[in-house]
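Heads up: the structure comes next, in structure tokens.
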Amino acid sequence: MFGFISNLLKKVNLLYFLGACAISIILILLPLSIKTTIGALVSGFFYYPLIELDHFLLDLATTKKTNIELNRQLADKAIQLAGCSEMRHENARLRRMLEFDIQTTQRLVPAKVIAARAMPDAQALIIGAGADKGIRINNPVVTADGIVGKTIAVSAGTSTVQLLTDHNCRISAIDQNTRTLGIIRWKGGRLLEMGDVPVESQLAVGDTVVSSGLGGIFPAGLMIGTVVYAKNRSGSLFKDVLVRPAVKFWSIEEVFVILYGR
Amino acid sequence: MAGKFINIQIVSGIIVALAFNIVIMPRAVIFGAAADMALVVTIWIALTSTPRAAIVFGFVMGLLTGFARPTELGWSSMLLALVGYGISALKDRLAMESMWLRIAGLFVAALSYRFLFFALARYGLLEDGSAFVMINTLLSAVYTTMLGVIVFGFIKHRRMVRDLFQ
């Protein structure tokens, strides 16, 4: 017996294994309630940092997904907001045009600009209204701000509008303050030239220039622009007069065609 | 000094295996089968360290695993201690120096461990769905072996790099 125990003691590894087995069997035989209590206590202590790490990694993954989703929603909202802003501007423009429509006694045809054509020798717009709306060649085209130009070609559903900023466009104009007549034409840049203004005229910077109605195309009193330069030139019979157009030609979206001259 | 190194090896092995089993493995289940890092590390310690270290590691690791699943408390500690002791005992007799032999040993150990675990700790499953248990055991053993290959390969590579600078 003593020899067996002595041999066994020499096999330390086997003893370790048997000890492990004995403890394991005791644990297996424990009632489930005690196992659960011990399990909760020990795993709460040992697993806590790892479970926290697990939750942290899970949160990171969720945060990334949420971030992507929020960015997508943000982009959506930005597009919607841009659309709303666009509609707000359009609304403001249409309101102004409506007020203009009420004020004027002329017969107006509203039209949307569908294309712009800018070339060195011709500047024109194409609008989405034509002969089917009663538009003819040489009908004045205006916005609530003032004169845009006149129709130079008309088809069934569209019309081509020659802008004031076209080299070939001429309008008979009058200074509202001094009643001085002149001819408005474009000579490049953003300003219009008012020609044929005699040096004796009292026309001055800040005066308003409107159509005179003498040309037979534009009715009298339509806004053209404001005088920004008026000086006499030595040896000349006429003043140098420059007018800033009331219409912003680079941002026209809706116009009215005046069915004038019938 | 050697004893201190073994203790560090055991503690770090426990932390790595626990972290892997709790944080990574639940996200890497394939067809219901999961690799068992505790088993891989037990076998690695059995192959590279003393039998006592392998038994202690297997037992502690099994105990900690069991605390998370109280119904299986005791079974995993006994089986992992058995794996540690068994591999340590066979290591010298079979001269498991070759990598392939180690991988084969890992596969057999994983297969036996999983099967014994199902048979003893979850014996009800053997009666209800033995086909499922067999497939799950086989897949888990393959998966664990693959994980073992990566871990053993990583350790070997690290040692080679370390030896280069010594």
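What to note about this one:
- Extreme residue, nearest to A:TYR47 (Cα to Cα), among residues of the stretch B:1-19 that are at pLDDT 80 or above and open to solvent by 40 Å² or more (accessible area, probe 1.4 Å): B:ILE15
- Scanning the stretch A:72-93 for residues that are among the small types (Gly, Ala, Ser) and under 28 Å from A:VAL142 (Cα atoms) yields a count of 4.
- Hey, A:SER24 more than 13 Å from B:VAL23 (Cβ to Cβ) and surrounded by 13 or more Cβ atoms within 10 Å (Cβ to Cβ) or not: yes
- Among residues of the stretch A:141-172, those that are in a strand (DSSP E or B) and farther than 19 Å from A:LYS248 by Cβ, counted: 7
- Close pairs from the stretch A:188-199: first more than 9 Å from A:THR165 (Cβ to Cβ), partner open to solvent by 40 Å² or more (accessible area, probe 1.4 Å) and polar (S, T, N, Q), Cβ under 6 Å, at least 6 apart: A:VAL199/A:ASN232
- In the stretch A:226-262, residue most open to solvent (accessible area, probe 1.4 Å) [restricted to those that are in a strand (DSSP E or B) and under 24 Å from A:VAL113 (Cα atoms)]: A:ARG244
- Hey, B:GLY86 within 11 Å of another protein chain (Cβ to nearest Cβ) and surrounded by fewer than 24 Cβ atoms within 10 Å (Cβ to Cβ) or not: yes
- Given (1) open to solvent by 70 Å² or more (accessible area, probe 1.4 Å); (2) under 30 Å from B:SER49 (Cα atoms); (3) within 10 Å of chain B (Cβ to nearest Cβ); (4) at pLDDT below 85, number of the condition A:TYR47 does not satisfy: (1)
- As a summary of the residue check, B:THR50 satisfies the conditions (1) more than 9 Å from every other protein chain (Cβ to nearest Cβ); (2) among the hydroxyl-bearing types (Ser, Thr, Tyr); (3) open to solvent by 20 Å² or more (accessible area, probe 1.4 Å) except for the one numbered (1).
- Residue identified as among the basic types (Lys, Arg), open to solvent by 10 Å² or more (accessible area, probe 1.4 Å) and away from chain A (no Cβ under 14 Å) among B:ARG102, B:ARG27: B:ARG102
- Complete set of residues in the stretch B:40-76 that are assigned to a helix (DSSP H, G or I) and among the polar types (S, T, N, Q): B:THR42, B:THR48, B:THR65, B:THR71, B:SER76
- Against the criterion of being of a type in the set (Lys, Arg) and more than 7 Å from chain B (Cβ to nearest Cβ), A:LYS35 does not qualify.
- Against the test of being facing chain A (nearest Cβ under 9 Å), part of a helix (DSSP H, G or I), within 13 Å of B:ASP36 (Cβ to Cβ) and in contact (Cβ under 8 Å) with a residue 12 or more places away in the chain, the options B:LEU79, B:LEU111 yield a single qualifying residue, B:LEU79.
The values are calculated or read from the model by the stated rules, or taken from the named source; none is laboratory data. Note that the coordinates shown come from a computational prediction; the quantities given were computed from them, not determined experimentally. Neighbour counts run over all protein chains shown; Cβ positions are idealised from the backbone, glycine included. For the accessible areas, the whole protein counts, side chains as well, though only heavy atoms, and no ligand, DNA or RNA atoms are used. Shrake-Rupley method; radii C 1.70, N 1.55, O 1.52, S 1.80 Å.
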